[in-house]
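A quick write-up on the structure given underneath.
The values are calculated or read from the model by the stated rules, or taken from the named source; none is laboratory data. All of these numbers come straight from a predicted model, not from anything done at the bench. Backbone-built Cβ (ideal geometry, glycine too); neighbour counts: all protein chains shown. SASA here: full protein model, heavy atoms, side chains in, ligands and nucleic acids out. Shrake-Rupley method; radii C 1.70, N 1.55, O 1.52, S 1.80 Å.
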Amino acid sequence: MQVRLREAPEWVSLSFSDRPKIGWFCGYTPLEVLLAAGFVPVRVSGHTGSVSKADSCLHANMCHYVRSALDAALNGAYDELKGAVFVNSCDAMRRLYDVWRKHVNMDFTFLLDLPRGQSEEDVAYYQNEIQKLRNAISAHFSVDITDKQIKAAAHIYSEGRDQYKALNDLRRETPPRISGYDIANMAALFSSTSPEKWGAYALTLTTEKSEQSAPAVKRLRMILDGSPVHNPEVISFIEDCGFDVVAENFCSGSRHFDLNTGKPNTGDILHDLSAAYLARPPCARMMRFEERAARLIDIVKTFGAHGVIHISLKFCDTYLYDVPRLRKKLAAEGIRSLFLETDGTIGSIGQLKTRIEAFAEMIGGDAL
Amino acid sequence: MTTMIEAYFSQLETALARKLEQKATARRRFIYEIARIGNRMFSPDWKSAWTTVFVPFEILDAMGVAGNFIEFVGAMLSGTGTAKQYLEKAESTGLSTDGCSYHRTIIGAAMDGLLPEPDLLIGSSFPCDGGLKALCHVGEIYNKDVFIINTPFDSSPEAIKYLAGQYRDMITFITNQTGRTLDYDRLRKCIRNNNIAHGYFAEMMELCKKVPSPATSDDLKNFIIYVLLGGSDSVVEVGRAFRDEFRYKADNNIAGLPGEKFRLLWIQNRIQFPNNLIKLLEERFKANVVIDELNHLYWNPLDEDEDPLIALARRQVTHPLVGPAERRLEVLVELARDYRVDGAINPAHWGCRQSSGIRHLFNDTLQNIDVPVLHLDVDCVDERNFSEGQIITRLEAFMEML
């Protein structure tokens, strides 16, 4: 199945990076520390093609995200990164950290351990992990990272997240004033560029989109949920099957912006960062299934969605184990859902076209 | 109502007691003690807990809680050839077949009512994501909360303190759920027992380094399950039994595998369902699995004078599977050298991300010290796709190469 690619908006090619770059993987990475250290934090998102070189270093039963991330690195896609910051997010990410250090020519790597709870002990533990990251970057790159710089970075990111939310609010309307594809591109851009410049651009885009006349055609409103989906073309493809994607409950989508690090509470910025990150809406790795399911149901209601498409990456244990439970939860709420398992390549999404279109037909135009 | 699993443990204990009277081998003693400990789950004197593999069983013991880890039951069901029906049951709910079959089996077994309803569910984030997720499925079936222990990634003092603090929270959780409190004297005795057992374990493992080894490939198969005995008098009995048996054999030049020609290191888990691989290795090639990676005695005797929760936390974070791969790889090199192995076998259990993710590093590391590695693409619990002929062909080629 050939996936038809939408013509990318001109701003997709923008590069707002005026500083050295450092890579990160997981949504629990404290980007504020990386920015304060003088880097542009760039998400290592891998690719959606076939994996070539990485298969000689990583078993094929690892998810496509970690395999393609390594593959892209081995093919030189991340040569300009000065380092990479990992999080103990899952078994696969931990193993990627091991293999990356052996096979990727990169001077600086660091792994943050991440608790699952939100108690004071958990916050203190993660705070110590963030401090260790700060020390490691300071020592390796010979830079001072002051509290003041971290607070300033927190403020910048907080503003950026607010701007994303303003842009994202345009999707509350029916039909939405901005497509899921456009929003996904902005989310991807946020994760790879200077946040100050991104914020300025987001503001312009929000104004532009607000002033444009609303689209005339109503389509089924859909929430996406599940494993990380980094490629906006996946969103585009689903929209082309007859939906308006109005929220992506991914760590690479809307959920990434549900975090507020800009309002200090204790005066200790690392403590506040730790508390804010651990308090953010959890992903499947953090367990807390009931909380996650309730939040997803709330998103469906808030955005007036007609259903949920859940996308699990093949071999992504953290999400795949939850599929039967989540399916039951959504059904109990009368929410229509489609559960897809893909190998993460754009081609595999194409192969699911019939199922996605059948799902649209099942909900039916009467729902509009 | 007596569940099938209760009947299994009961019959196992009775049968082994009889066999022990006929001939007392260390292996029989070991399985007998496991069955006896397993049976406590069904006793009115004990509260019961389903857990993942690395939780502090000593604390449970000292609170009158009989713990049993779900992977053990998954392996047991596979060993008795009954896992298939439970795998199918779990998969009928939409559970992916790419996950770990130890865990899928147990989810199916819980759905089917095979597992007795526990009083408690306690899981650790170490060694894998799947165990915690499976335990949460079981918790949903029994409408019970799961207590989650976040095992830290490193072994720093802060990490040990953080883990010990979680053990304290776990004790509170157990008390709240069951009314049982921690008997610190009993916990100290558990630690004392562990240390005595440690001495026996160290001796028995040292004896296995002899060429030929006094042990057969299966004498210490799945010995990792001794964690279930943690702190009880049984762990001392089992340690002494193996030490005595291996010492006797070593002193009298009795080889575990007569004519031992090749010595092998087994990485990660054994294949749990009945198969002929070990038999083939021993009989045709005179190849003896002299050390299983998971049997490595990684911990030092615990400090009996310090806070027992700190001592247990320290032991936990020093496990080679915690932390970066280097720790595990160093242990593999140490084992390969100490036990003078000719090769290593790694059945890369299909659903195990934490282990198969670094299987290429196993290769690179062991080949650096001239120890070839054979990776078998198998599922250690789910025999539905097991193609013994193909595996044997690969095994034969490997042994011929050695």
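Table for the structure above
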item	result
Qualifying residue in the stretch A:289-306 (condition: open to solvent by 10 Å² or more (accessible area, probe 1.4 Å), free of Cβ contacts under 8 Å to residues at least 12 places away in the same chain, at the interface with chain B (Cβ under 10 Å from one of its Cβ atoms) and not in a strand (DSSP E or B))	yes
Residues within the stretch B:248-275 that are open to solvent by 70 Å² or more (accessible area, probe 1.4 Å) and either within 26 Å of B:Glu71 (Cβ to Cβ) or in contact with a helix residue (DSSP H, G or I) (Cβ under 6 Å, 6 or more places away or on another chain) (or both), tallied	1
Complete set of residues in the stretch B:157-210 that are open to solvent by less than 30 Å² (accessible area, probe 1.4 Å) and within 11 Å of chain A (Cβ to nearest Cβ)	B:Ala159, B:Tyr162, B:Leu163, B:Ala164, B:Gly165, B:Gln166
When residues of the stretch B:135-153 are limited to those that are more than 7 Å from chain A (Cβ to nearest Cβ) and either part of a loop (DSSP other than H, G, I, E, B) or small (Gly, Ala, Ser) (or both), the one farthest from the chain's Cα centre (by Cα)	B:Asn143
Residues satisfying the stated conditions in the stretch A:64-106, i.e. without any contact (Cβ under 8 Å) to a residue 12 or more places away in the chain, open to solvent by 10 Å² or more (accessible area, probe 1.4 Å) and either within 14 Å of chain B (Cβ to nearest Cβ) or β-branched (Val, Ile, Thr) (or both)	A:Arg101
Long-range neighbours under 7 Å by Cβ, at least six apart or interchain, first residue free of Cβ contacts under 8 Å to residues at least 24 places away in the same chain within the stretch A:144-158, second part of a helix (DSSP H, G or I)	A:Asp144/A:Ser138
Of all residues in the stretch A:307-344 being aromatic (Phe, Trp, Tyr) and facing another protein chain (nearest Cβ under 8 Å), the one that is farthest from A:Leu58 (Cα to Cα)	A:Phe339
Residue match in the stretch A:35-56 (condition: crowded, with 20+ Cβ neighbours inside 10 Å, within 14 Å of chain B (Cβ to nearest Cβ), touching a strand residue (DSSP E or B) at 6+ places or on another chain (Cβ under 8 Å) and modelled with pLDDT of 95 or more)	no
Search result, residues across the stretch A:207-245 that are acidic (Asp, Glu) and open to solvent by 50 Å² or more (accessible area, probe 1.4 Å)	A:Glu208, A:Glu211, A:Asp240
Condition met for A:Ile235 (farther than 27 Å from A:His155 by Cβ, in a strand (DSSP E or B) and touching a strand residue (DSSP E or B) at 6+ places or on another chain (Cβ under 9 Å))	no
Test for B:Asp379: is it in contact with a Lys or Arg (Cβ under 9 Å, 6 or more places away or on another chain) and modelled with pLDDT of 95 or more	no
Elements of type helices (runs of 4 or more DSSP H) in the stretch B:314-402, at least 1 residues being away from every other protein chain (no Cβ under 14 Å), in contact (Cβ under 8 Å) with a residue 40 or more places away in the chain and open to solvent by 30 Å² or more (accessible area, probe 1.4 Å)	B:325-338, B:388-401
Counted residues, the stretch A:338-368 - those being open to solvent by 70 Å² or more (accessible area, probe 1.4 Å), part of a helix (DSSP H, G or I) and not basic (Lys, Arg)	5
Index of the failed condition, B:Leu257 passing every other in (1) touching an Asp or Glu at 6+ places or on another chain (Cβ under 9 Å); (2) assigned to a helix (DSSP H, G or I)	(2)
Positions within the stretch A:107-139 being farther than 25 Å from A:Asp272 by Cα and open to solvent by 30 Å² or more (accessible area, probe 1.4 Å), in sequence order	A:Asp107
Residues of the stretch B:301-313 that turn out to be part of a loop (DSSP other than H, G, I, E, B) and touching a residue at least 40 places away in the same chain (Cβ under 8 Å), as a count	4
Only listed residue being open to solvent by 20 Å² or more (accessible area, probe 1.4 Å), assigned to a loop (DSSP other than H, G, I, E, B) and at pLDDT 95 or above, chosen from A:Pro281, A:Pro264	A:Pro281
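Residues checked against (1) more than 17 Å from the chain's Cα centre (by Cα); (2) open to solvent by 10 Å² or more (accessible area, probe 1.4 Å); (3) under 24 Å from B:Ile37 (Cα atoms); (4) among the basic types (Lys, Arg):
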| position | (1), (2), (3), (4) |
| --- | --- |
| B:Met63 | yes, no, yes, no |
| B:Ala66 | no, no, yes, no |
| B:Lys89 | yes, yes, no, yes |
| B:Gly94 | yes, yes, no, no |
| B:Asp98 | yes, yes, no, no |
| B:His103 | no, no, yes, no |
| B:Ala109 | yes, no, yes, no |
| B:Pro116 | yes, yes, yes, no |
| B:Asp119 | yes, yes, yes, no |
